[in-house]
Amino acid sequence: MTRTSTDRWSAEGGRDGDPLDEADLRLRQRRRFVAVVAVLAVVCGLFGVLTHLQGPKLTDVQVDASAVVERSGQQLRLFSNQALAHVDPDQVVVSPAAPFTVQTSGDVVSVQFTDRLRYDTDYRVSVSGVSSIYQRQTSDLEARFSTEQAVTWRIVHGRDGAEDSLEQADLKGGAERRTVWSAPRIQAYEVFDSAVAVLTDDGEQSTLSLVSLDGVAAETLPLPDGPGLVTQLGADRATTTLAFSWQPEGSEQETLYTLPLQGQRAVAPVTSIAGEPLTVLDWQFVPGLDSVVAQATDEQVTLFDLSGAAPPRPLGTFVALQGVSLDGRGIVAATALQAFRVDLSTGEQTPIPFSAVEGQTPFRGDLVAVGATEYVQQVALPTDGGTSFSSLIVLDDEQEARVVFRPPSGSSEIEGFSVSPNGQFLAVETATATSPTDYTYTIDPTPAEVTTTVVDLASGAVVASFLGHAASW
């Protein structure tokens, strides 16, 4: 019988009748495997070469769009598919412009924002001329992100015996406000990430409550033993620490206490350099630090590290503590003759050269330091030959004072103001001179009907207006 072609590849023999033993089969299989691996290696190598010839590519971006408006020093991290060579600051552009520093580590470029960013803003960060540590082929990396919209809180006094309300609303579309908590005589509040501390009193005894943001749950927080009133309330959101001034019943002195919301929630007095409970005239938290700046009853202003890591640091004697700068680097304090910017790291005192307002020397009131040489301040200008005064809010850069808010009518009076933590918005409280005021409130007695107007400091444009006072962000 004649053999077919398939017979020649039978198990009994190879082509043309040559025997194909097991060793030959393994050798042929090995050759085929090596050929396949070689082809794959060449393909992968070609892809690798092409990748390196194209320069680094962006693989991921990380940024907390909420934290960048709440706290300074937040980072945008750009991840690459290659280990990167050093990136210089002049290779980075942030738009809209914002001060930053840059670091390179492995396959990551970290852009750290020096200050808080603006609310509800689209940001673009581009890094040009990026190369790997292995070769010089460059490429550009770009990240885009949007910051969160501002959310405002406010106290609204009840009418005709009704309870006061603590309300929350988006800055834009603020008509859709939400009542988080209602109670008689709300004095002050401090907002945290998942709860809000609300202070109330009956004129003789204070109550401090921690309320969930949905208003469903409330917990009574401890206060010092015995009857008394909280006369000032503040908080550091990053460390979830409350601080307050406590005035015992029958005393004229106020002692500064802290209440951490983590752990056992134990109330403790801040101690002076001499180790005694600190009695205060005024105090404020330092943004971004677990510290307070306090003015004692002897008018000595001191920086206190609440963590205990550093001893108290005296900053000088002043008749008024006018505020801590938004960036947390300094304070503004005044003697009887001069206002000073005091650097918290060095203690250096720099006189503040305030500018004229509309060609006049104004009477100066409360101020907020929004930058190294920028101040928002309430001023009063004499009118009608000095027989009356007009109250304004100005932005002073030590070269020029620009009016950023003027009451809408002659019957409106400025009751107070605040600046958003990132220095973007000014909230001004106004009321008519005829609106009645309940002066039995312990903290910040205000007229029954207060309107808060929110202004963009850069443009001067009004962005919101609502009933209520004590605006917070």
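The values are calculated or read from the model by the stated rules, or taken from the named source; none is laboratory data. Just so it is clear, the model here is predicted, and its values are computed rather than measured. For neighbour counting, all protein chains shown are included, and Cβ atoms are generated from backbone atoms with ideal geometry for every residue, glycine included.
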- Query: Are any residues in segment 326-374 acidic (Asp, Glu) and closer than 13 Å to ASP397 by Cα, and if so, which ones?
  - Reply: GLU374
- Taking segment 109-132 and keeping residues of a type outside the set (Ser, Thr, Tyr) and either over 23 Å from the mean Cα position of the chain (by Cα) or within 12 Å of VAL87 (Cα to Cα) (or both) leaves VAL109, VAL111, VAL127, GLY129, VAL130
- Query: Where residues in segment 45-84 are of a type in the set (Lys, Arg) and in a loop (DSSP other than H, G, I, E, B), which of them is modelled with the highest pLDDT?
  - Reply: LYS57
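This table checks each residue for (1) within 25 Å of LEU117 (Cα to Cα); (2) crowded, with 21+ Cβ neighbours inside 10 Å; (3) touching a Lys or Arg at 6+ places or on another chain (Cβ under 7 Å); (4) of a type in the set (D, E, K, R).
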site	(1), (2), (3), (4)
GLU348	no, no, no, yes
GLN360	no, no, no, no
PHE363	no, no, no, no
TYR375	yes, yes, no, no
GLY385	no, no, no, no
SER388	no, no, no, no
SER412	no, no, no, no
ASN422	yes, yes, yes, no
- Query: In segment 321-338, what residues are touching a strand residue (DSSP E or B) at 6+ places or on another chain (Cβ under 6 Å) and either at positive phi or touching a residue at least 24 places away in the same chain (Cβ under 8 Å) (or both)?
  - Reply: LEU321, GLN322, GLY323, VAL324, SER325, LEU326, GLY330, ILE331, VAL332, ALA333
- Task: Report yes if ARG177 is at pLDDT 95 or above and of a type in the set (Lys, Arg), otherwise no.
- Result: no
- Hey, among SER307, SER325, SER272, which residue is of a type in the set (Ser, Thr, Tyr), closer than 26 Å to LEU210 by Cα and not assigned by TED's automatic domain parsing to the domain that holds GLU70? SER307
- Task: Please specify each residue of segment 217-255 satisfying the condition of being crowded, with 16+ Cβ neighbours inside 10 Å, more than 19 Å from PHE304 (Cβ to Cβ) and polar (S, T, N, Q).
- Result: GLN247
- Tell me the strands (runs of 3 or more DSSP E) entirely within segment 359-423 that contain at least 3 residues that are within 27 Å of TRP473 (Cα to Cα) and of a type in the set (Gly, Ala, Ser). 363-371, 412-419
- Flag for GLU167 being surrounded by fewer than 15 Cβ atoms within 10 Å (Cβ to Cβ), outside any loop (DSSP other than H, G, I, E, B) and out of contact with any helix residue (DSSP H, G or I) (no Cβ under 7 Å at 6 or more places or on another chain): no
- Message: Return the residues of segment 218-234 that are farther than 16 Å from TYR189 by Cβ and outside any strand (DSSP E or B); say none if nothing qualifies.
- Response: PRO222, PRO224, ASP225, GLY226, PRO227
- Per-region count, segment 282-294, residues over 17 Å from VAL368 (Cα atoms) and modelled with pLDDT of 95 or more: 1
- Hits in segment 379-420 - residues which are touching a residue at least 24 places away in the same chain (Cβ under 8 Å) and either farther than 21 Å from VAL454 by Cα or out of contact with any strand residue (DSSP E or B) (no Cβ under 9 Å at 6 or more places or on another chain) (or both): LEU381, PHE389, GLU398, GLN399, GLU400
- Message: So for segment 278-299 (the condition being in contact with a strand residue (DSSP E or B) (Cβ under 9 Å, 6 or more places away or on another chain), part of a strand (DSSP E or B), free of Cβ contacts under 8 Å to residues at least 40 places away in the same chain and surrounded by fewer than 17 Cβ atoms within 10 Å (Cβ to Cβ)), does at least one residue qualify?
- Response: no
- Note on the structure: Across segment 124-159, the tally of residues that are in a strand (DSSP E or B), touching a residue at least 40 places away in the same chain (Cβ under 8 Å) and either among the charged types (D, E, K, R) or surrounded by 13 or more Cβ atoms within 10 Å (Cβ to Cβ) (or both) stands at 17
- Message: Would you confirm whether or not segment 154-161 contains a residue that is at pLDDT 95 or above, under 20 Å from TYR189 (Cα atoms) and of a type in the set (A, V, I, L, M, F, W, C)?
- Response: yes
- Does segment 427-447 include one or more residues that are closer than 13 Å to ILE155 by Cα and loosely packed, with under 14 Cβ neighbours inside 10 Å? yes
- Top-ranked residue in segment 312-332 [being farther than 14 Å from PRO351 by Cα and among the polar types (S, T, N, Q); ranked as modelled with the highest pLDDT]: THR317
